[in-house]
1. What distance in nm separates the simple spin-label points at Glu60 and Lys78, each placed 7 Å from Cα in the Cβ direction?
2. Cross-link partners among aspartates and glutamates for Lys147, C-alpha distance below 17 Å, same-chain residues fewer than 8 apart left out?
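All of the numbers you see were taken from the coordinates with simple rules; none came from a lab. Remember, it's a predicted structure, so these values are computed and weren't measured experimentally. FYI the Cβ positions are ideal-geometry reconstructions off the backbone, even for glycines, and counts take in every protein chain you see.
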Amino acid sequence: MKNNLLYTIAAAALLLASCSSEKPAQTQAAETTTAPAPAMAEAHTAHQTTMASPAELMTEDGLPKDLVCMVNNAFMGKKQYPVAFEDKMYYGCCEMCVKTIQNQREVRYATDPVTGEEVDKSAAYIALKPGGANGDVLYFASEANYKQYQQL
């Protein structure tokens, strides 16, 4: 059990380290992205915009998906790389995240904390994790599940 936890932590650290060391690409594949990428020096730091807090950005669909890195599961407060995959749209903060979204199914899905069901991040209701550091987010199957979670 300890070894599994250790391997999971090591893999997560490697993913984050590779993300933060990734150099910006000069060009993007047309089928992969449709908008300009954020500056790499800022891409890996979750932060809140000065204009509106994440709570103020919440809509009936949750946090805007394009402001969330779906690999790091963090609200970034600015536009992320759009990644079209199987007629769905995901978002990542860097080129490494784009590749990860394209190649790793488990990154495109999360577990709804209320029902335990698998949720596609491209269709999920996204909200800030209460007490979460660095803009951590949770993915819900619906707004109703999010509201139920708030009452737990």
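1. Placing both labels 7 Å along Cα→Cβ, they lie 3.2 nm apart.
2. Output for Lys147: Glu56, Glu60, Asp61, Asp112, Glu117.
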